Amino acid sequence: MLFYAVLAVFLASAQGKFYSDCGSKLATIQKVAVSGCSENAKECILKRNTNVTINLEFTPEKDIKSVETEVHGVIMNLPVPFPLPQPDACKDTGLTCPLKAGQSVSYKSTLPVLKSYPKVTVDVKWELKNENDEDLICILIPAKIN
């Protein structure tokens, strides 16, 4: 019996998603997709001198007036901000602010992976924050910059 319990836990963890939730508070995530990264990957490969696109589908739990995007590379527990061409998540991402509670929305953003970035393994922390600097969405994506 113990063998089957251990096997079930192992299989469940083996079929995990390529990202983890790092503190989403005001929204429920339905889907996360990153260009070039399969859902069962252990880490996403980010090629320097290219662009990476992230798609998020989520449902806010309350009305949200505005949304800002923050992206950090976390290396050895040290968050390093990634510069974004447009941090206002209500512009050019598919979101129309204000967001209504209970209505599913889709967010799409493209992040440049600059040639100047070092070749490192990094956790990408992607956050969507409301007007009070509270996380709607917080996901952590293990990645390798090549």
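The values are calculated or read from the model by the stated rules, or taken from the named source; none is laboratory data. Just so it is clear, the structure is predicted and the values come from calculations on it, not from any experiment. Cβ coordinates were reconstructed from backbone atoms using ideal geometry, including for glycine residues, and neighbour counts include every protein chain displayed. With ligands, DNA and RNA removed, areas are computed over all heavy atoms of the protein, side chains included. Shrake-Rupley method; radii C 1.70, N 1.55, O 1.52, S 1.80 Å.
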Tell me which residues, restricted to the stretch 91-103, are open to solvent by 80 Å² or more (accessible area, probe 1.4 Å) and at positive phi. Asp92
Would you mind stating whether Lys91 is without any contact (Cβ under 8 Å) to a residue 60 or more places away in the chain and not small (Gly, Ala, Ser)? yes
I'd like the full set of residues that are over 17 Å from Val32 (Cβ atoms) and not in a strand (DSSP E or B), limited to the stretch 91-100. Lys91, Asp92, Thr96, Cys97, Pro98, Lys100
Just checking, does the stretch 123-130 include any residue being within 21 Å of Thr28 (Cα to Cα) and β-branched (Val, Ile, Thr)? yes
Condition check for Lys125: open to solvent by 30 Å² or more (accessible area, probe 1.4 Å), assigned to a strand (DSSP E or B), modelled with pLDDT of 95 or more and touching a Leu at 6+ places or on another chain (Cβ under 7 Å): yes
Just checking: which of the strands (runs of 3 or more DSSP E) contained wholly in the stretch 32-90 hold 2 or more residues that are out of contact with any Gly (no Cβ under 9 Å at 6 or more places or on another chain), more than 21 Å from Val105 (Cβ to Cβ) and open to solvent by 30 Å² or more (accessible area, probe 1.4 Å)? 68-75
Have a look at Ser106, Ser116 and point out the one that is open to solvent by 40 Å² or more (accessible area, probe 1.4 Å), of a type in the set (Ser, Thr, Tyr) and in a strand (DSSP E or B). Ser106
Condition broken by Asp133, with the remaining ones in (1) of a type outside the set (A, V, I, L, M, F, W, C); (2) under 18 Å from the mean Cα position of the chain (by Cα); (3) closer than 18 Å to Gln30 by Cβ; (4) surrounded by fewer than 14 Cβ atoms within 10 Å (Cβ to Cβ) satisfied: (3)
Which residue pairs have Cβ atoms under 6 Å apart, sit 6 or more places apart or on different chains, and have a first residue in the stretch 53-70 that is closer than 17 Å to Pro83 by Cβ and touching a residue at least 40 places away in the same chain (Cβ under 8 Å) and a second that is open to solvent by 10 Å² or more (accessible area, probe 1.4 Å) and polar (S, T, N, Q)? Thr53/Ser35; Thr53/Thr110; Ile54/Ser109
Among the listed residues Ala27, Ala14, Ala33, which satisfies the condition of being out of contact with any His (no Cβ under 8 Å at 6 or more places or on another chain) and modelled with pLDDT under 90? Ala14
